[in-house]
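Please treat every number below as a calculation from the coordinates, not as lab data. As the structure is a computational prediction, the values presented were derived from the model and not from experiment. Every residue, glycine as well, gets a Cβ built from its backbone with ideal geometry; the counts of neighbours run over all protein chains shown.
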Amino acid sequence: MDYSNYYLKNYFKNRDGEDGGVDFRQRENIAYDAPINDSAPREDFAEPRSDVEIEVVPQITGKVHVNYELSEDDAIIDILPQSYDRHDSRRRGWIMTLTIVTCLLLTVVVGDFATGGALLAGISSHYRAQTMPKSEFYAVVLKSCAGYSEARIYSDQIRLLGGAGYIVKNGDKYDVIGDVYDDLSEANAVVDKNQGSRLTSYTVEEVDFENLFSANSQLMRSMGGYSVGIVNQLSKIGDDLTGLKIDKNNAVEQIGGIRDNLKLQFDQLQAETNSGNKNVKVLLVDINTTLGLLSNLAGDSVSRPNLICDIRYTKVQLTLNYCQMISSMAN
């Protein structure tokens, strides 16, 4: 584009040649410091020329804000501002968490001091009570009899067939138990095979032996659940004997090993009978009773119909004895 026609010198040339000397300053009524020379020829402004093209270039005069609507296909990208410090934010979070934990610990320590140690002792006791294991046993009741004589007759018949034949008084009746199991599905399978039988459960809620015998030896504190472990070992021996994996001599030998190991522990615990803890005597009485039952199993009795029924009978007896012992300690 040629802009020479619009240069100032060319503008005056065009004006003087075409306007006839009209003074454009007076036409526009613009005051200047220099006086106007009226003697000079007056010319009008030149008319716009039609042969000149003006190219207009648009200029940015301000910011335009446009709201865009995203379609469902558009992806939204979340961009963090440059001033955001992720590590600094995470560090502040850790500091806040540490502060809260510290305040809680201080509160517990101050509260425990104010209560003479009762606060932490109560929390610890509650935690142990919630985490102590429970053992559930399911006894198969083959028959309920109105009198003891009837129950005894039926018990002898069950023992001849290999069942425990253990009699338990239940209200006004007497229940005859065939066996006890720690697996509910296994107990239900036995009930399904014996018409008229039912299940009754025994829950062994373990006490905290660590706290109960805190002033005694480590061996005494570790005796919790000992009877449950023996019942499980006897169940394994009985299953192997029934499945012909072992014979009677092997079963008796294994039972004798369980008895001898418990006897060694019992002899060591005897030295703590004078500790002043009444629960020590309760535990030792139960262990001594268990030793008698195991000795009977490991002995050779001529009146025994078969070994498997005595194993099952002993399992029921040990379970009931242990439940009674735990109940006595808890009280």
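Observations, loosely collected:
- Placed amide H near Lys143: partners under 5 Å, 5+ positions off or other chain: Val176
- Rounded to whole numbers, the Karplus 3J(HN,Hα) couplings from phi for the stretch 195-205 are 4, x, 8, 8, 10, 9, 10, 10, 9, 9, 8 Hz, using 6.51 cos²θ - 1.76 cosθ + 1.60 with θ = phi - 60°, and x at Gly and Pro.
- Taking every alpha-carbon pair under 8 Å whose residues sit at least 6 apart, the stretch 210-307 reaches a relative contact order of 30 percent.
- For the listed residue pairs Lys173/Lys248; Lys143/Lys193; Lys245/Lys315; Lys173/Lys281, the alpha carbons are over 25 angstrom apart in Lys173/Lys248; Lys173/Lys281.
- Fewest neighbouring Cβ atoms within 10 Å first, the residues Asp208, Asp192, Asp240 line up as Asp192, Asp240, Asp208.
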